[in-house]
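Note sheet for the following structure.
Taken together, the values in this text are just the output of simple stated rules run on the coordinates, not laboratory data. Model, not experiment: these values are computed from the prediction. Positions of Cβ are backbone-derived with ideal geometry, glycine not excepted, and every protein chain shown enters the neighbour counts.
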Amino acid sequence: MTKVFKVPFATQGDRVSIPVETQVDGSVSYTQGYGYDYERDQTTDPAAKDIEREKMNDVFHDITEATGEMQVYGAAKWSIEGKPYPLMGLVYHDNKMWQSKIANNNDEPAEGSSWHGLKADISADLASKVDKTQISDSVASSSSVTVASSKAVKTAYDLAASKLSGVPDGTTTQKGLVQLSSSTNFDNETLAATPKAVKAVSDKADAALLAANSKVVSVNGKQGVVTLSASDVDAVSASKGGHYGGAISATYTESNGFGYQYATAAPFYNTVTRAPNSEFWPVVKQQFHIPGHSAYTYTFGVLNGGDGSQDFKLHIINSSGTGTMFSWSTNGDYHAPGSLRCGAHVYAAYHLYAGGGNAYLRNDGMVAGPVWGGTINGWMYANFVSGVRFAGRVNIADTGGRIDLPSGAVYNGMSGANYNPAYWGAYTHLQYLINGQWVNAGTV
């Protein structure tokens, strides 16, 4: 069973009115509805929006209120917000149905030139019944207080039919009966034109005369009835495009905040919606030709990746088809296919890489690369002396003959005659630390 909405949805509930105009922050409106922000993933996308309960209550309230008016009254109630009403439009007002008699009707319903009240009580036509004594069978009476009976009507019809049966059809050479027609495009000579047909032809003739009188006599050398093109009035075709000989400027009137830029337009603006397809969409393009030297085309645009990603590109290509491309990724990465030359400092919050990522200057100052076999700190540790010391003392026995020290050893003690005659002296090795190992110094 069909629900009759006598009580609109959420009549006593919490409701927040939804604006008609599109909102710059992407929130719901009657013009745009629920935009893309309401489809975003609320767990990962900070721009995602909730579908507000109070606004959804208002949507259902508006729908059921309007539906209820149509169900109960047969038409929507007249309101200021509904103006202007169209020709033949129906509204309910002051306990009565009204029909608009004009287009763009801004008037409140009342009998007159703008509205016509429709009868709501069928029994009103039967309020005054005809008394039987007032019915007459006469076809010759001129009374204004009696009505004709069915018999009188049939008698009059039969009489008229008998009179007409002998009348021939009318032609261009003979008087007679003719059929009426409101058509304005027949060439038939047996039909008679109605006033409606005559008026339609007259209106067309007046319009043609007015148009002919207002035609431009000559434009850019064109004579007679002239059909203007964009070039005739120094314009560019909106459908075919063209060339502007001067500068083009436009004014930006929307929000200047970064947070609003996704949903706002710009002085030069377009929108593109595409499935992942590995294709390039130019935004701005210039072709520059130096005859005898070079010819290049420079294009700014967006690369639609086949995996759903997109990057902003500056693409440069020459007349032979050789090109290069600079890229700005949505994650903040920038790619330049050639050298990056700076006139001042280069600042980086993290590492600076070279050699395809094999070498880098780390953000704490450390240098690394294949030439060092890793970090320069590790190479220096493995190849540079990082410490020097004397090894333990070795006593030399008194043999009474020549005593030679081992290679790299140095004397570090001598024995006197009264100290320990068994020992002639002592020596030690000079050692250096390299790559974590203590090594004895040798003799050259």
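A few comments on the model shown:
- Restricting the calculation to Cα atoms, the stretch 2-148 shows an Rg/Rh of 1.28 when the hydrodynamic-style radius is the Kirkwood one.
- Charge dipole of the chain about the Cα centre (unit charges at C-beta), most positive-ward option of Ser309, Val388, Gly408: Gly408
- Spin-label model, Ser309 to Leu90: label points 7 Å out along the Cα-to-beta-carbon direction sit 6.1 nm apart.
- The chain, helix-only ellipticity at 222 nm - DSSP H runs n ≥ 4, -39,500 (n - 2.57), divided by all residues, nearest 500: -5000 deg cm²/dmol
- Folded to 0 to 90 degrees: helix 195-214 orientation relative to the chain principal axis, Cα: 50 degrees
- Here the chain is assigned +1 on the Cβ of each Lys and Arg and -1 on the Cβ of each Asp and Glu. Its dipole about the Cα centre then comes out at about 700 debye.
- Rg over Rh [alpha-carbon atoms, Kirkwood Rh] for the stretch 386-440: 1.10
- Each principal axis of the Cα cloud of the stretch 1-70 was evaluated for its coordinate range; sorted largest first, these ranges are 43, 25, 23 Å.
- Simple label model, 7 Å out from Cα along Cβ direction - Asn270 to Ser249, nm: 2.5 nm
- Of the cross-linked pairs Lys6/Lys96; Lys119/Lys154; Lys83/Lys204, those separated by over 22 Å at the C-alpha level are Lys119/Lys154; Lys83/Lys204.
- Spherically averaged projected area in nm², based on the convex hull that wraps the Cα atoms of the chain: 60.5 nm²
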